[in-house]
Amino acid sequence: MEGAKKGLVMIYTGPGKGKTTAALGTAFRAIGQGLKVLMVQFIKGSWHYGELDTAQMLGPEHIEIRPMGRGFVKIGAEKPDPEDVRLVEEAWEFGRRSMMTGDYGLVIFDEINYAISYKMLAAEKVVEALKCKPEMTHVILTGRNAHPSLVEMADLVTEMREVKHPYQRGILAQRGVDY
Ligand code: ATP
Ligand code: MG
């Protein structure tokens, strides 16, 4: 049995809804325990997300959310747009460096799996960095299609499975639930 206290590597992946919100739920819990939280967003959504305002209300001494990617990334393109790659690299460097300081109790790399599966970021780089992260720092990686090498090294992996989604019945994203 290893020591009782340990910084975990956690992955929320799969096609069902709930990956980013599970990360935010963990953040909510962590903040209450006095942990400082950083969320780096690799893909910026098209809405104004409620959590950005909640983070402001709580204040940067508790949580910072940094949207660092672009709104839209071309899917199915042969090669990713160099500008998207640059933004992903910048987000990764910022998140990695912040994680290494040990100032944060929880660091969330939101949609990083997406950036990796579209070859905008090498999985090996992420594995290497996670191997030498500060011991007590918890890390969450979100996004569909988590890379096998990350799944292998993670302490916790949850795959969201879609059973039902309102979208299937033509119900669009709802304020306060989806953004
Ligand atoms: P959320 O941010 O709501 O937890 P997520 O992080 O699991 O969702 P993403 O792949 O990041 O899912 O997708 C972001 C957006 O797509 C959200 O607005 C979400 O509601 C929506 N979405 C997620 N899963 C599905 C699905 N299975 N079908 C349709 N829309 C979805
Ligand atoms: Mg998400």
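The values are calculated or read from the model by the stated rules, or taken from the named source; none is laboratory data. From a predicted model like this one, the values you see are computed outputs, not experimental measurements. Cβ coordinates were reconstructed from backbone atoms using ideal geometry, including for glycine residues, and neighbour counts include every protein chain displayed. These accessible areas exclude ligands, DNA and RNA; they are computed on the full protein's heavy atoms, side chains included. Shrake-Rupley method; radii C 1.70, N 1.55, O 1.52, S 1.80 Å.
Condition first: surrounded by 14 or more Cβ atoms within 10 Å (Cβ to Cβ) and under 18 Å from R97 (Cα atoms). Now tell me which residues in the range 33-61 satisfy that.
Once the filter is applied, which keeps residues that are surrounded by 14 or more Cβ atoms within 10 Å (Cβ to Cβ) and under 18 Å from R97 (Cα atoms), the range 33-61 yields L35, K36, V37, L38, M39, V40, Q41, F42.
Any residue that is acidic (D, E) and within 22 Å of A22 (Cα to Cα) - is there at least one of those in the range 108-130?
Residues of the range 108-130 that are acidic (D, E), as a first pass: 110-111, 124, 128.
Restricting the remaining residues to those that are within 22 Å of A22 (Cα to Cα) gives 110-111.
Yes, some residue in the range 108-130 is acidic (D, E) and within 22 Å of A22 (Cα to Cα).
Every residue in the range 139-177 that is over 17 Å from G14 (Cβ atoms), out of contact with any Phe, Trp or Tyr (no Cβ under 9 Å at 6 or more places or on another chain) and not in a helix (DSSP H, G or I), please. Even if it seems obvious, please write down each step before you answer.
Residues of the range 139-177 that are over 17 Å from G14 (Cβ atoms), as a first pass: 139, 149, 153, 155, 166, 169-177.
Filter again for out of contact with any Phe, Trp or Tyr (no Cβ under 9 Å at 6 or more places or on another chain), leaving 149, 153, 155, 166, 169-172, 174, 176-177.
Matches in the range 139-177: D155, G170, I171, L172, Q174, G176, V177.
Only one of G105, G71 is open to solvent by less than 50 Å² (accessible area, probe 1.4 Å), within 16 Å of ligand 1 (Cβ to nearest atom), more than 17 Å from T21 (Cα to Cα) and small (G, A, S). Can you tell me which?
Values: G105 fails: within 16 Å of ligand 1 (Cβ to nearest atom).
Just one listed residue meets the conditions, G71.
Given the conditions (1) near ligand 1 (Cβ under 10 Å from one of its atoms); (2) farther than 21 Å from A123 by Cβ; (3) touching a Gly at 6+ places or on another chain (Cβ under 6 Å), and given that Y49 satisfies all but one, which numbered condition is not satisfied?
Answer for Y49: the failing condition is (3).
So in the range 12-30, with the set limited to residues that are β-branched (V, I, T) and in contact with a Gly (Cβ under 9 Å, 6 or more places away or on another chain), which one is least open to solvent (accessible area, probe 1.4 Å)? Give the steps one after another, and end with the answer.
Start the filter on the range 12-30 by keeping residues that are β-branched (V, I, T), which leaves 13, 20-21, 26.
Restricting the remaining residues to those that are in contact with a Gly (Cβ under 9 Å, 6 or more places away or on another chain) gives 13, 20.
On the way: T13: 8, T20: 30 Å².
The extreme case among them is T13.
Residue under question is G7, and the condition is that it be within 16 Å of ligand 2 (Cβ to nearest atom) and either open to solvent by less than 40 Å² (accessible area, probe 1.4 Å) or over 23 Å from L130 (Cβ atoms) (or both); does it hold?
Values: within 16 Å of ligand 2 (Cβ to nearest atom): no; either open to solvent by less than 40 Å² (accessible area, probe 1.4 Å) or over 23 Å from L130 (Cβ atoms) (or both): yes.
Criteria not met by G7.
Could you tell me which residue of the range 108-120 is surrounded by the most Cβ atoms within 10 Å (Cβ to Cβ), considering only residues that are closer than 20 Å to K36 by Cβ and either away from ligand 1 (no atom under 15 Å from the Cβ) or hydrophobic (A, V, I, L, M, F, W, C) (or both)?
Initial filter on the range 108-120 (closer than 20 Å to K36 by Cβ): 108-110, 112.
Still in the running and either away from ligand 1 (no atom under 15 Å from the Cβ) or hydrophobic (A, V, I, L, M, F, W, C) (or both): 108-109, 112.
Numbers: I108: 27, F109: 28, I112: 31.
The selected residue is I112.
Can you work out which of the residues in the range 163-177 that are open to solvent by 100 Å² or more (accessible area, probe 1.4 Å) and free of Cβ contacts under 8 Å to residues at least 24 places away in the same chain is farthest from the chain's Cα centre (by Cα)? Walk me through how you get there before you give the answer.
The initial filter retains those residues of the range 163-177 that are open to solvent by 100 Å² or more (accessible area, probe 1.4 Å), namely 163-164, 167-169, 172, 175.
Cutting the leftovers down to free of Cβ contacts under 8 Å to residues at least 24 places away in the same chain gives us 164, 167-169, 172.
Working: K164: 23, Y167: 23, Q168: 25, R169: 28, L172: 23 Å.
Filtering the range 163-177 for residues that are open to solvent by 100 Å² or more (accessible area, probe 1.4 Å) and free of Cβ contacts under 8 Å to residues at least 24 places away in the same chain, the one farthest from the chain's Cα centre (by Cα) comes out as R169.
Of the residues T137, T142, only one is of a type in the set (S, T, Y), at pLDDT 95 or above and more than 11 Å from ligand 1 (Cβ to nearest atom); which? Outline the logic, then answer.
Details: T142 fails: more than 11 Å from ligand 1 (Cβ to nearest atom).
Sole residue among the options that is of a type in the set (S, T, Y), at pLDDT 95 or above and more than 11 Å from ligand 1 (Cβ to nearest atom): T137.
Of all residues in the range 17-45 being in a helix (DSSP H, G or I) and more than 10 Å from ligand 1 (Cβ to nearest atom), which is farthest from the chain's Cα centre (by Cα)?
Of all residues in the range 17-45, those in a helix (DSSP H, G or I) come to 19-32.
Going one step further and asking which of them are more than 10 Å from ligand 1 (Cβ to nearest atom), we end up with 26-32.
Values: T26: 12, A27: 11, F28: 15, R29: 16, A30: 15, I31: 17, G32: 20 Å.
Checking each candidate, the answer is G32.
Among the residues of the range 114-130, which ones are within 17 Å of P67 (Cβ to Cβ) and in a helix (DSSP H, G or I)? Give the steps one after another, and end with the answer.
Within the range 114-130, the first condition is being within 17 Å of P67 (Cβ to Cβ), and the residues that meet it are 114-115, 120-121.
Correct list: Y114, A115.
In the range 37-62, how many are modelled with pLDDT of 90 or more and over 19 Å from E93 (Cα atoms)?
Looking only at that region, the number is 15.
What are the residues in the range 20-55 that are in contact with a helix residue (DSSP H, G or I) (Cβ under 8 Å, 6 or more places away or on another chain) and of a type outside the set (D, E), if any? Please lay out each step first, then the result.
At the first step, the residues of the range 20-55 found to be in contact with a helix residue (DSSP H, G or I) (Cβ under 8 Å, 6 or more places away or on another chain) are 24, 31, 37-43, 51.
Listed by number, the residues that qualify are L24, I31, V37, L38, M39, V40, Q41, F42, I43.
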